[in-house]
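Heads up, the thing below is written out as structure tokens.
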Amino acid sequence: MTAWTDADKAAAGAGITIRTLDDIASLEDVRRLYERIWRTGATNPPVTADLLRAMAKAGSYVSGAYDGDELVGACFGFFSAPARDALHSHIAGVAPRMAGRHVGLALKLHQRAWTLDQGAGAITWTYDPLIRRNSWFNLGKLAADVTEYLPDFYGPMDDDINRADPTDRVLVRWSLDAPAVVAACAGTPRAVDVEQLRADGAVVALEVSAAGGPILRPAYGRTVLVGVPVDVEGLREQDPALAATWREALREVLGGLLAGGARVREFDRSGWYVVERKEAQ
């Protein structure tokens, strides 16, 4: 099955059409959509139409997902060094009303097929490692690999999603022809049995307490489990101090493990990063 077959199937399943964009009217629609998703207001958009226009003209990727004639999702990225080795996907967003329609998956599969057509073999992007659903989407449904923990990567962001929280991110690399990625794009996510890992001796370094806060534990051994809260975005609205505590805890535990040479092997949709050290410690 080709990458375009997977992409077309995903778009059909979501009931949308996806196309690349380069005209200024469509790019203005992208700007307005991003403003609504991130609730930034017109004076502080995540990206401007003129920048998107320049990127499209220079051969970068800009796409839109349409439900009928309505733009409901968009994604853009640019090539990274060495020249055209990989595409860096900077922003992808979907209108809230499309939740559950798998528009985000369809956009990523379209981006994968387009990138392969350009002769590049990978796509990179960043995401907030505290957001459980995004972690499962990126590491499970897409089978991307975490390569780096980036503390406060973007600095302060003035929008209603980040809410002045430090912008810690992880960088992921999506190796487009890797067997796990090919399987994921065909509908078989990269999954893991956390309970079996525990039975086999995996240790918990960070978990959610009964009150919803982080519990840090000493982590020894080869396989380490790092938990994240169910809904950190809700916490940012309801209990900003607790959300900030989670940010610090994950930076210390997951960031520390990755800085020490460990790698994220999988993410379980119940909220666990599975981290593997090079050697037992």
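Derivation of every value follows stated rules applied to the coordinates shown; laboratory data play no part. What you are looking at is a predicted structure, and each value in this text was computed from that prediction instead of being measured. Here the Cβ is made from the backbone with ideal geometry for all residues, glycine too, and neighbour counts use every protein chain on show.
For the stretch 45-135, what is the charge dipole size about the Cα centre, in debye to the nearest 20, if Lys and Arg each add +1 at the Cβ and Asp and Glu each add -1 at the Cβ?
Approximately 200 debye in magnitude.
Given N residues in the chain, what is Rg(Cα) / (2.2 N^0.38 Å)?
The value comes to 1.01.
For the stretch 194-276, what is the charge dipole size about the Cα centre, in debye to the nearest 20, if Lys and Arg each add +1 at the Cβ and Asp and Glu each add -1 at the Cβ?
280
Identify, among VAL30, ALA54, SER80, the residue whose Cα sits farthest towards the positive end of the charge dipole of the chain, taking +1 on the Cβ of Lys and Arg and -1 on the Cβ of Asp and Glu, with the dipole about the Cα centre.
With unit charges placed on the Cβ atoms, the residue in question is SER80.
Along the Cα→Cβ direction, 7 angstrom out, place labels at ALA164 and ALA178. What is the inter-label distance in nm?
About 3.8 nm separates the two model spin labels.
So what are the three principal axis dimensions of the stretch 151-212 from its Cα atoms, in whole Å, longest to shortest?
Here the spans come out as 39, 37, 19 Å, largest first.
How would you rank PHE153, PHE137, PHE76, going from fewest to most other Cβ atoms within 10 Å of each one's own Cβ?
PHE153, PHE137, PHE76
Can you tell me what share of the DSSP beta bridges in the stretch 3-185 is antiparallel? A percent to the nearest 5 is fine.
Rounded to the nearest five, the antiparallel share is 90 percent.
Just to check I understand the Karplus step: with θ = phi - 60° and J = 6.51 cos²θ - 1.76 cosθ + 1.60, what whole-Hz values come out for the stretch 39-47, glycine and proline as x?
For the stretch 39-47, the Karplus curve yields 6, 8, x, 5, 7, 9, x, x, 7 Hz.
What per residue convex hull volume, in Å³, do the alpha-carbon atoms of the stretch 152-281 yield?
That works out to 137 Å³ per residue.
If you take the beta carbon distance between ASP50 and ASP85 as r and set R0 to 22 Å, what does 1/(1 + (r/R0)^6) give as a FRET efficiency, to the nearest 0.05?
0.25
Counting other beta carbons within 10 Å of each residue's own, what order do ARG263, ARG236 fall into, fewest first?
Ranking ARG263, ARG236 by Cβ neighbours within 10 Å, fewest first, gives ARG263, ARG236.
Determine the calculated [θ] at 222 nm for the chain from helices alone, applying -39500 (n - 2.57) to every DSSP H run no shorter than 4 residues and normalising by the residue count; nearest 500 deg cm²/dmol.
Calculated mean residue ellipticity at 222 nm is -9000 deg cm²/dmol.
Could you check what % of the DSSP bridge pairs in the stretch 194-276 are antiparallel, to the nearest 5?
80
Quick one: dipole size for the chain, taken about the Cα centre, charges +1 on Lys/Arg Cβ and -1 on Asp/Glu Cβ, in debye to the nearest 20.
420
Take the Cα atoms of the stretch 209-281, find their three principal axes, and give me the spread along each one in whole Å, biggest first.
For the stretch 209-281, the Cα extents along the three principal axes come out at 40, 22, 19 Å.
Let me know the shape class of the stretch 40-80, please: from the alpha-carbon gyration tensor, a ≥ b ≥ c as square roots of the eigenvalues, rounded when a/c is under 1.5, otherwise prolate if a/b is greater than b/c, or oblate.
Oblate, since a/c reaches 1.5 and b/c is not below a/b.
Calculate the spin-label point distance for ALA25 paired with ALA241, positioning each point 7 Å from the Cα along the beta-carbon direction, and give it in nanometres.
About 5.3 nm, to one decimal.
Within the stretch 70-85, what residues put their amide N at less than 18 Å from the label point 7 Å along the Cα-to-Cβ vector of ARG36?
70-76
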